[in-house]
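In what follows, a structure is listed as structure tokens, so that the remarks can point back to it.
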């Protein structure tokens, strides 16, 4: 190879090397640029992630509580409801006249000899509350809050004290109506307690322990509470909103600021205050009482004139009742609306004015709240066949006996006791004089009931008088035995006890 050719080849090689280096530089440049871009991108993402991790989380949206009607209520509380209702709940204080010596400054020597100790008015620190229900000054409270009071004062949340006049009172529902003079007074609108449901929110407002207006919160725990022995007519709303001494007569309101009940009682079980079981008179009952007291000064209640008994499974089977409704008539008062309509002992009342009768208490309440003179329609079951009977209600007398009571202090006397066809039961015959005194046309007296017998477990007691077996009268022990032997598996007994009648079912074939 010549020198010239070697130089040419070297030049070409150098040129190739130069081009290769230039390409490498370009590649490295692009790699650097890409790396920078990637670093920037990753740095942005990392910064964003870091910012999110280090910054506080956003506040959650506010939670709302929805009432049954669908209104949204703020979770912060019920201050708006309280502001609207609290001014209408007042403290009730009373003054009673008590017997004592006159003030020493006026104690003349002859006064005690002629007139006896002079009355002295002493203030009683009442723990009661009341509720203003009209802008012109009508108030609802409890009968037991103002019972025996000579002077009544209502103290408002703003400190005003107004003299209250007693319009009327109804001990049977523990409702009283007061009136204060005033205009544009704060008042709570009356709600509809028939629309209240278990689980609804409720606020109890009153004057517990004489502390002044206090609000507690809870739910409606139960409806239609009765048979508590607190009042004659019981249909209480039960709530776990704290009700304490001094809340009596205060307001139970819903979250719309409507009055749904008048707080009246608690179950304390020996404690000094609330244990989560409080009772309020439904506002619908209080409204009916209030309207009559304002209009007439008294409460007139409907009267049918029957003694009733709830059905159990055994009684329902005997009377041919299906389902869980109905009450049986155990006695019909003479010359009563029931007697005039033809109702009889042993009839089962299934419906009143087309509405099913659930139990004795609900029927009694419905009849009592129906105005006297109203014609009511009854669907009854007699001899396992349905029939419709109409009766016109009278007014319930103040002391209406539903059945005659035996003389007190003297146990019924009868002939010598004898065994009977009813296992575990000993009976004796009634003398004609005893039947006349008790106003009974038939019957045998129970002289003994063996413990743990079927009769004892059914509720039969010593001194009960069995007047019917399977709805047929029994005149003597022999007739009683014959009627029992005709029974098929069990017998239906009509019992006279303590001046009233009731039914019992006793299984047979068990010794």
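Every number here is computed from the coordinates shown, using simple stated rules; none is lab data. Nothing here was measured: the structure is a model prediction, and the numbers come from that model. Every residue, glycine among them, receives a Cβ derived from its backbone with ideal geometry; neighbour counts consider all protein chains shown.
Key figures for this structure:
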read-out: FRET efficiency for residue 476 and residue 167, using Cβ-Cβ distance with R0 set to 51 Å, rounded to 0.05; value: 0.30
read-out: Part-to-part distance (alpha-carbon centres) for region 366-393 and region 129-200, which is given in Å; value: 35 Å
read-out: Spacing of the two label points (7 Å from each Cα toward its C-beta) at residue 486 and residue 344, in nm; value: 1.5 nm
read-out: Mean Cα-pair separation over length for region 418-507, i.e. relative contact order, pairs under 8 Å, 6 or more apart, %; value: 27 percent
read-out: Percent RCO, i.e. relative contact order, over region 302-395, from Cα pairs under 8 Å lying at least 6 residues apart; value: 34 percent
read-out: Efficiency of FRET from Cβ geometry, residue 83 and residue 322, R₀ 45 Å, rounded to 0.05; value: 0.30
read-out: Extension reserve of the residue 232-residue 135 stretch, reckoned as 0.36 nm per residue once the Cα distance is removed; value: 31.8 nm
read-out: Estimated FRET transfer efficiency when R0 is 45 angstrom, pair residue 458-residue 147 (beta carbons, to 0.05); value: 0.60
read-out: Paramagnetic reach from residue 95 in region 139-161 [backbone N under 18 Å; point 7 Å along Cα→Cβ]; value: 146-156, 160-161
read-out: For region 444-509 versus region 298-312, the gap between their alpha-carbon centres in whole angstrom; value: 26 Å
